[in-house]
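Reviewing the structure listed below.
Please treat every number below as a calculation from the coordinates, not as lab data. These numbers come from a predicted model, not from an experiment. Please note: Cβ atoms are built from the backbone with ideal geometry, for glycine as well, and neighbour counts cover all protein chains shown.
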């Protein structure tokens, strides 16, 4: 195989609580095999935030196989193949914690994160690091974000798109071309993370649906694409998104040439840099320079428009 892409979802803050896994095999830049598993975690304790994001409940997995049964079906994929994942430290930590939970033998394989892998193909562009940001840049649609198989497929498609964007005939040729930028690591050497807090900070936009079917078509936000960036001070982000869709607007997760408004809140400079500009705002400014009529507004301006 060129590589195997994987993705996990977890039941709670413990990395050993895998409740779903997606696996995608790629050969000669083509997806040749996919597998999806629901997994019964060691405990059926699910955090509400995790359920809100991936939609998996204790009822869904109470009769699912435990991780050792799933591992028995997939372990051969981890022999002599490069394993890839987006934000790989998370998925590799989940895998290792699950193996350790059941005292299973730790395999020796190399892994690589698709964030540094895709960075050379995005160089010079203002593209965020999230799977959604990178997929959007290459025109890849995530059919069901936070479904483990859908995200693994998206990761695989992202990697293939990067290889093709540099006109490399093979996956291996791309790896060789950018080898000094691609930190391949050995799984056996990984010291896994054990638990996390607030992994999911993003709001699932698909859950924001209009509470009315009667819209004022004359409103400035009607049928317009709205993107948010930064922290709003007087409104909860989800509340602000709800107001947009109730006015007939469309909330989007990333800036593109189809964006009509970018609503800018307070930025954390430790994350975005001293200029205070997020990648979304930089992208909007770049598109403005190219002639796209994107309006960048602050929170006060947004509040005046939704009255």
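If a/c stays under 1.5 just call it rounded; otherwise compare a/b with b/c (prolate if a/b is bigger, oblate if not). Do that for segment 93-166, with a ≥ b ≥ c from the square roots of the Cα gyration tensor eigenvalues. Prolate shape, in that a/c is at least 1.5 and a/b is the bigger ratio. The antiparallel fraction among DSSP beta bridges confined to the chain stands at about 55%. Here is the tail figure for segment 1-157: Cα pairs spaced more than 29 Å apart come to 16 percent of all pairs.
Summary value for segment 205-306: 30 percent relative contact order, contacts being C-alpha pairs under 8 angstrom separated by 6+ residues. Exposure proxy ranking for 262, 112, 66, based on other Cβ atoms within 10 angstrom of each Cβ and starting from the fewest, stands as 66, 112, 262. For segment 205-306, the Cα gyration tensor yields ellipsoid semi-axes of 23, 16, 11 Å (square root of five times each eigenvalue, largest first, whole Å).
Within segment 205-306, antiparallel bridges make up roughly 10 percent of the DSSP beta bridges whose residues both belong there.
Measure nothing but the geometry: give the 0 to 90° angle between the long axis through the Cα atoms of 88-101 and the longest principal axis through the Cα atoms of the chain, rounded to 10°. Approximately 40 degrees, to the nearest ten. Altogether, the Stokes-Einstein calculation at 20 °C and 1.002 mPa s, with the Kirkwood radius of segment 118-201 over Cα pairs as Rh, returns a diffusion coefficient of 146 µm²/s. Among 83, 266, 140, the residue with the largest mean-square fluctuation in a Gaussian network model of the chain, with springs joining Cα atoms closer than 10 Å, is 266. Overall size of the chain from C-alpha positions, given as principal axis extents largest first: 61, 47, 35 Å. Percent of Cα pairs in segment 5-56 per distance bin of 5 Å, from zero to the largest separation: 5, 20, 26, 18, 12, 9, 8, 3, 0.
Quick check on segment 62-108: take the gyration tensor over C-alpha atoms, sort the square-rooted eigenvalues as a ≥ b ≥ c, and tell me if it's rounded (a/c under 1.5), prolate or oblate. Because a/c hits 1.5 or more and a/b exceeds b/c, segment 62-108 counts as prolate. Taking the longest Cα principal axis of the chain as reference, the axis of helix 279-289 is set at about 50 degrees. When the square roots of the Cα gyration tensor eigenvalues are ordered a ≥ b ≥ c, the ratio a/c for segment 185-256 is 1.5 or more and a/b exceeds b/c, which makes its shape prolate.
Taking the number of Cβ atoms within 10 Å of each Cβ as an exposure proxy, the fewest-first ranking of 123, 134 is 123, 134.
Ranked for footprinting exposure by Cβ neighbours inside 10 Å, fewest first, 177, 21, 241 give 177, 241, 21.
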